[in-house]
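Colleague: Supplied in structure tokens, the structure appears directly below.
The values are calculated or read from the model by the stated rules, or taken from the named source; none is laboratory data. Everything quoted here is computed from the prediction, not taken from an experiment. Neighbour counts are summed over all protein chains in view; Cβ atoms, including those assigned to glycine, are modelled from backbone coordinates with ideal geometry.
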Amino acid sequence: MKSWKYAEKRIAEWYSDLGPDASRKSTAQRGQAVEDIEWGKFSIEVKTRRTVPGYLHEWMEQAAANAVTKTPVVHWHQDHQHTENDFVVMRAQDFRYFMSVLMALLEKT
């Protein structure tokens, strides 16, 4: 199995652990432009690389050191661009936890 296929499968299972079930869309519609994983209201595009840029690790380490007991988040802004187009980066474990809680709350309403 190619490494990116394995990563998609493993990541879909990881999201499913907390519910709701995540499904891999890229397996059913090969060759078509579809989301890699559907998880509730989220369309997840999985990207794998041998390494993540060092500065991203540094930014997250700084955010974590400053957060103390809070959840670290990196807000990545490009100069001269609108803020709503920026990227928000957080650890996958934190994203999965907060989003699974949110989805559970939304199901009850």
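Colleague: Can you tell me how many residues in the stretch 88-109 are among the hydroxyl-bearing types (Ser, Thr, Tyr), closer than 22 Å to Thr48 by Cα and loosely packed, with under 12 Cβ neighbours inside 10 Å?
Modeller: The qualifying residues number 0.
Colleague: Could you say whether any residue in the stretch 70-83 is within 28 Å of Lys2 (Cα to Cα) and of a type in the set (D, E, K, R)? Full working, then the answer.
Modeller: At the first step, the residues of the stretch 70-83 found to be within 28 Å of Lys2 (Cα to Cα) are none.
The answer is no, given that none of the residues of the stretch 70-83 is within 28 Å of Lys2 (Cα to Cα) and of a type in the set (D, E, K, R).
Colleague: Let me ask another. Output the residue which, of all residues in the stretch 70-101 that are within 23 Å of Asp17 (Cα to Cα) and among the basic types (Lys, Arg), is modelled with the highest pLDDT.
Modeller: Checked the stretch 70-101; the qualifying residue modelled with the highest pLDDT is Arg91.
Colleague: Follow-up. What are the residues in the stretch 55-87 that are surrounded by fewer than 10 Cβ atoms within 10 Å (Cβ to Cβ) and either closer than 16 Å to Phe42 by Cβ or in contact with a helix residue (DSSP H, G or I) (Cβ under 9 Å, 6 or more places away or on another chain) (or both), if any?
Modeller: Across the stretch 55-87, the qualifying residue is only Phe87.
Colleague: Could you list, in sequence order, all residues of the stretch 8-36 that are surrounded by 12 or more Cβ atoms within 10 Å (Cβ to Cβ), over 22 Å from Phe98 (Cβ atoms) and modelled with pLDDT under 90?
Modeller: Residues satisfying the conditions are Arg24, Lys25, Ser26, Thr27, Val34.
Colleague: Also, I was wondering about something else. Given the stretch 1-108, what helices (runs of 4 or more DSSP H) lie entirely inside it while holding 3 or more residues that are under 14 Å from the mean Cα position of the chain (by Cα)?
Modeller: 3-16, 92-108
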